[in-house]
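J.: My questions will all concern the structure given below.
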Amino acid sequence: MDAKRNMAKEPQPREAGTGQMEGMDLESVIECARGHDAEALGEIYRRYVRRVFGLCRYMLNSRESAEDATSEVFLKLQRSIEGYDRSIPFLRWLLRVAGNQCIDALRRRQRGRRAIVEVEDGAAVIEVPSSEPSPLGAVISKEERADVRDAIARLPENYRVPLVLRYYSELSYDEIAQQLGLERNYVAALIFRAKQELRRRLPHRSN
Amino acid sequence: MECYSEQTCALAVDGELAADEAQRLRDHLTTCQRCRALVDALRAENRVLSESLNELPEEAASPARFSPQHWSWGWADLAILAVVLALGSIISGWFNELDIPAAVEWFNPFSVSGRTNLTFQLFYYFAHGGTAMLADYAAVVGWICLLLLLGGSALLLGRRGRTHYPGLRLLVVLLALSLPSFALERRHGEFVTVTANETVDDTLVATANMVRVDGVVNGDLLTFGRTVEVRGTVKGDLISFAQRTEVSGTVEGRIYTFARTLDLEGQLGHSIYGAVQSLHIDDRGRVGDGIVVAVGEASLEGEVKRSVNIVTGGSVDVSGAIGRDLTMIGRSLVLTNTARIGGNLSARVRQLKEVQIADGATIGGKRDIQVRVRESSFTRPRFYFHQAVWFAGAILVGWLGILLFPGFFPATTQLVGSGWRSLGLGVGVLAGVPVAMVVIAITLVGFPLSLMVLALYLAAIYLAKIWVGAFLGRTLLKPSGATKSDWLLGLLVGLLILTLMGFIPYLGGLVRLGVVCLGLGAFAGQLYRASQPAT
């Protein structure tokens, strides 16, 4: 409880030099956090809250739900961090935890239906006609990046979620498949479809 | 060599192609201009996606915005801690004094007398349209819920907080509500007596087989017992959960009673409120204000300064004086020669011959005696108005609920779908909680806890129809989304259907009971789920 409270008091980046954890390397911070050190948990929160919130925001498509999910992730971190085994980078692990939190939230929203429904029949069949729009152009301005984000936000959930997990959380297809409880092939198809849908929605960006 | 498909190239760019195939693709790229261009374009596209996503939108740039939420959690934690400590300190102090369950043996469902009593009460309950009573009762609870929710929502929305553990927050609120009960003097044992020369300055909570006040209680008197006798003076209110309550002395405040019998032979400063099986105002008894009660039967021989409102399954006998109006709904009414009513007499009975007014009885105002025809309610516009208000209230409560507990309400709604399991659990909860509450309350240690459970129980009984309604609506409408408005639309439709079904004779009561059980079960299930650590 102390940990949570302390963490709660320190969501804002502190002035340099005010905390002992400030310059500490991640390893030590994680080690301290595993020992339920409130300050260490606060430090992790400070370092990663934006990344986690970003993921939740993209996945849940609602600021409020994203805030809820983010809070949940960090509130549960005190316990869940004990399960972190260092086999993967911490951020990747944290985003995976956050991804799970979001998927849970999506499932709750959908009354127990599988959050990510399997793509329509035949979608797993990889080949698609070559008349699809070509990939999005490479050079991109700030405004255009905002357009891309908007378009992603408007994608249907079953396209949006795997896409975000792949290109924001940088999870592999296998990891995404595991998180969503889908076949790897479906995940590949969903991501591919998602990109094509994006191209269709951002025609001026296509090459 | 044949060119690769775009999807295969995409897999390769994502690093998801099997090693040997990736190698073949690389070999192919050295010779194929077209595929090389495609792979480059896909790679660029991935970069665009990553960059766009990683450049977080403005709103994500300030994690400081989370602070109010966290702050409020800090406070909630503190509040819980404080409450737990307070409870703990009280419980630990009383731990070795737990030898008093005999005091309320009559209400103990595990003993013969308790069972007889319980059977009697249940019979009484069903004989007098129990399910209809339940609905009326739920409507009252609804208003309480609404007020609580309104107050809570003002507070929560003001802080822009959204709840994560709604149960926990509710607990805090309920604990806070029950806190005043800590400032009490408590006595328990076989006999609790305030002797004639004794004065209790605080509110007295007495649990005993026999509670007798011969002296003076300056605060309120709250009693649980088989028999409660007030021969002396209670300056505050008398709140009695007893088999028999007898006041031959003076109660300067009000009497709230949930007893089997209430006899007033002495003086009461204000009103009587409550539900009793038998109410008797002796000819020496005097009520300074009015009476609002639901009774099995009532006999008023003494004096009531103001109005009397009685709902009864049986008869009302008046031979004393009522200062203002007498309003009764029940089976029969008898006014003897000595009866005096200062204001209007308004009675609703099943048959006209059940009203007997002696010639000597005086009635100052108008007589309004109506024969109650059961089905007539459908023909009165007021009925529809009431239903509309009731309906709007339920929708409003649902809306507030989903606003305040955006996770909990839909999850509970969903749990209704587990059908028989929810129903079974609900029946258990419906029947078990009152027993548990009594058991907790008789130890007295758990009295505040018992009040909390009661509040939660009543709230859940009211909310049951909202969860079941929402579930029914969703099942029928099958909305594509899962937004709050979808949920509310489902609630609207489902509740409408449930309301209409509730009017079907005989079956309606069963439907209502089923709804309450289903909703309660889902609520209990969801509470249990929410209390489990998330994986």
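J.: Taking the condition in contact with an Asp or Glu (Cβ under 6 Å, 6 or more places away or on another chain), more than 30 Å from B:S485 (Cβ to Cβ) and assigned to a loop (DSSP other than H, G, I, E, B), does B:G343 pass? Full working, then the answer.
T.: On the way: in contact with an Asp or Glu (Cβ under 6 Å, 6 or more places away or on another chain): yes; more than 30 Å from B:S485 (Cβ to Cβ): yes; assigned to a loop (DSSP other than H, G, I, E, B): yes.
Yes; evaluated as a whole, the condition is true for this residue.
J.: Kindly indicate whether B:T199 is of a type in the set (S, T, N, Q), out of contact with any Cys (no Cβ under 9 Å at 6 or more places or on another chain) and crowded, with 22+ Cβ neighbours inside 10 Å.
T.: So B:T199 fails the test.
J.: Considering only region B:1-21, how many residues are away from chain A (no Cβ under 14 Å) and touching an Asp or Glu at 6+ places or on another chain (Cβ under 9 Å)? Walk me through it before giving the result.
T.: Within region B:1-21, the first condition is being away from chain A (no Cβ under 14 Å), and the residues that meet it are B:1, B:19-20.
Keeping just the survivors that are touching an Asp or Glu at 6+ places or on another chain (Cβ under 9 Å) gives B:1.
Of the residues in that region, 1 qualify.
J.: Still on this structure, please answer the following. Does at least one position in region B:382-393 carry a residue that is modelled with pLDDT of 80 or more, buried (at least 16 other Cβ atoms within 10 Å of the Cβ) and over 30 Å from B:R348 (Cβ atoms)?
T.: no
J.: Do you know which residues across region A:138-151 are facing chain B (nearest Cβ under 7 Å) and either of a type in the set (K, R) or under 14 Å from the mean Cα position of the chain (by Cα) (or both)?
T.: As a first pass, look at region A:138-151 and keep what is facing chain B (nearest Cβ under 7 Å): A:138, A:140, A:145, A:148-149.
Residues satisfying the conditions are A:R145, A:R149.
J.: Return the total of residues in region A:167-207 being in contact (Cβ under 8 Å) with a residue 60 or more places away in the chain, part of a helix (DSSP H, G or I) and farther than 18 Å from B:E51 by Cβ.
T.: Number of matching residues: 13.
J.: Which count do you get for residues in region A:165-186 that are over 22 Å from A:S141 (Cβ atoms) and either of a type in the set (D, E, K, R) or at the interface with chain B (Cβ under 9 Å from one of its Cβ atoms) (or both)? Please lay out each step first, then the result.
T.: If we filter region A:165-186 for residues that are over 22 Å from A:S141 (Cβ atoms), which is where we start, we get A:165-166, A:169-186.
Filter once more, so that each one left must be either of a type in the set (D, E, K, R) or at the interface with chain B (Cβ under 9 Å from one of its Cβ atoms) (or both): A:166, A:170, A:172-175, A:183-184.
Residues flagged as over 22 Å from A:S141 (Cβ atoms) and either of a type in the set (D, E, K, R) or at the interface with chain B (Cβ under 9 Å from one of its Cβ atoms) (or both) within region A:165-186 amount to 8.
J.: Here's a follow-up. Looking only at region B:215-230, decide whether some residue is touching a residue at least 60 places away in the same chain (Cβ under 8 Å), outside the structural domain of B:G343 (by TED's automatic domain parsing), in a strand (DSSP E or B) and not basic (K, R).
T.: yes
J.: Also: Looking at B:S319, B:S278, can you tell me which residue is within 30 Å of B:A196 (Cα to Cα) and surrounded by fewer than 20 Cβ atoms within 10 Å (Cβ to Cβ)? Lay out the reasoning, then the answer.
T.: Working: B:S319 fails: within 30 Å of B:A196 (Cα to Cα).
The conditions single out B:S278.
J.: Moving to a separate point now. Given the conditions (1) surrounded by fewer than 23 Cβ atoms within 10 Å (Cβ to Cβ); (2) modelled with pLDDT under 85, report the number of the one that B:Q526 does not fulfil.
T.: (1)
J.: Does A:L91 count as more than 11 Å from chain B (Cβ to nearest Cβ), under 30 Å from B:F405 (Cβ atoms), modelled with pLDDT of 85 or more and part of a helix (DSSP H, G or I)? Steps first, please.
T.: Numbers: more than 11 Å from chain B (Cβ to nearest Cβ): yes; under 30 Å from B:F405 (Cβ atoms): no; modelled with pLDDT of 85 or more: yes; part of a helix (DSSP H, G or I): yes.
No, not satisfied.
J.: Just need a number here: residues in region A:67-82 that are touching a His at 6+ places or on another chain (Cβ under 9 Å), farther than 12 Å from A:R57 by Cα and facing chain B (nearest Cβ under 9 Å).
T.: So the count comes out to 4.
J.: Kindly indicate whether any position in region B:37-52 is at pLDDT 55 or above, among the basic types (K, R), surrounded by 13 or more Cβ atoms within 10 Å (Cβ to Cβ) and under 27 Å from A:D150 (Cα atoms).
T.: Going residue by residue through region B:37-52, those that are at pLDDT 55 or above are B:37-52.
In the following step, the residues that additionally are among the basic types (K, R) were identified as B:43, B:47.
Next, only the ones that are surrounded by 13 or more Cβ atoms within 10 Å (Cβ to Cβ) stay: B:43, B:47.
Next cut, under 27 Å from A:D150 (Cα atoms) only: B:43, B:47.
The answer is yes, given that some residue of region B:37-52 is at pLDDT 55 or above, among the basic types (K, R), surrounded by 13 or more Cβ atoms within 10 Å (Cβ to Cβ) and under 27 Å from A:D150 (Cα atoms).
J.: Tell me the strands (runs of 3 or more DSSP E) entirely within region B:256-331 that contain at least 2 residues that are among the aromatic types (F, W, Y) and modelled with pLDDT of 90 or more.
T.: On the way: elements: B:261-264, B:272-281, B:291-300, B:308-312, B:315-318, B:326-329.
Filter on region B:256-331 gives an empty set.
J.: Out of curiosity, is B:V216 at pLDDT 85 or above and surrounded by 21 or more Cβ atoms within 10 Å (Cβ to Cβ)?
T.: Numbers: at pLDDT 85 or above: yes; surrounded by 21 or more Cβ atoms within 10 Å (Cβ to Cβ): no.
When the stated conditions are applied, B:V216 does not pass them.
J.: May I ask you to list the residues in region A:47-61 that are touching a residue at least 12 places away in the same chain (Cβ under 8 Å) and within 13 Å of A:V73 (Cα to Cα)?
T.: Across region A:47-61, the qualifying residues are A:Y48, A:V49, A:R51, A:V52, A:F53, A:G54, A:L55, A:C56.
Here's the yes/no breakdown for (1) more than 14 Å from chain A (Cβ to nearest Cβ); (2) under 29 Å from B:V389 (Cβ atoms); (3) at pLDDT 80 or above:
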residue	(1), (2), (3)
B:G428	yes, no, yes
B:T443	yes, no, no
B:T475	no, yes, yes
B:P479	no, yes, no
B:S485	no, yes, no
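The values are calculated or read from the model by the stated rules, or taken from the named source; none is laboratory data. Just so we're clear, the structure is a prediction, and the values are computed from it rather than from any experiment. Here the Cβ is made from the backbone with ideal geometry for all residues, glycine too, and neighbour counts use every protein chain on show.
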